[in-house]
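Written below as structure tokens is the structure these notes are about.
The values are calculated or read from the model by the stated rules, or taken from the named source; none is laboratory data. Here the structure is a predicted model, which means the values were calculated and not measured. Positions of Cβ are generated from backbone atoms using ideal geometry, with glycine treated the same way; all protein chains shown enter the neighbour counts.
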Amino acid sequence: MKPIDEHKNPWQQKSDTIAYQNNWIEVHHQEVITPGGSEGIYGIVHFKNLAIGIIPLDENNHTWVVGQYRYPLKKYSWEIPEGGGIIGIDPLESAKRELLEECGIEARNWEKILEMDLSNSATDEHAIIFVARGLTYVNSAPEETEELQVKKIPFEELFQQVMIGNYQDALTVAGVLKLKLMLTASL
């Protein structure tokens, strides 16, 4: 088996049409030549924002989770505070805004713990997850499109809930698992 050049795109794009767009996404319909040489189509969802997640931790290792109905899934979801960050703006500024909006929390200390690509077979959405410490509590100000519940729980409880599958949001699962490894390694 010959080695693959990881820097060469084996796909050839013949056409690209925007089938749909709004303020958050563009859906592209592309005609392509596949790596095997056959003609095909590809649908790509382009995200106009970064996915930003935050795990706030207080001095007792408690954190906050946000509950809301997720329309695409047609179900209620508990997850870490998260939202969109405008591409081209420092993701940390977006994280600070989201934590304040959703939980009414400001933080003195921030650490980026994870970057990941979400559903990379069909989208270009990129996520960044932060841990926030040194917390100060103020009033929250959710967006008008959000109907949120916020609750404070021990981080260990959140980790256990992730492990048994009660939290399924991708940013929550990945962020909690990464932070658990970091906290365990620092003991």
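Here are a few things to note about the model shown:
- Only a single item in (1) under 23 Å from residue 128 (Cα atoms); (2) touching a Gly at 6+ places or on another chain (Cβ under 6 Å) is not met by residue 34, and it is number (1).
- Residues of segment 152-165 include none that is acidic (Asp, Glu), assigned by TED's automatic domain parsing to the domain that holds residue 58 and closer than 22 Å to residue 49 by Cβ.
- Within segment 31-45, the residues that satisfy the criterion of being farther than 28 Å from residue 162 by Cα and part of a strand (DSSP E or B) are 31, 32, 33, 39, 40, 41, 42, 43, 44.
- Subset of segment 158-187 that is more than 11 Å from residue 63 (Cβ to Cβ) and β-branched (Val, Ile, Thr) - its residue that is modelled with the lowest pLDDT: 184
- Segment 46-71, residues that are of a type in the set (D, E, K, R) and part of a strand (DSSP E or B): 70
- Among the residues listed as 86, 105, 55, the single one being in the same structural domain as residue 175 (by TED's automatic domain parsing), within 19 Å of residue 182 (Cα to Cα) and not acidic (Asp, Glu): 55
- Here 130, 155 are screened, and the one residue that is aromatic (Phe, Trp, Tyr), touching a Pro at 6+ places or on another chain (Cβ under 9 Å) and at pLDDT 95 or above is 130.
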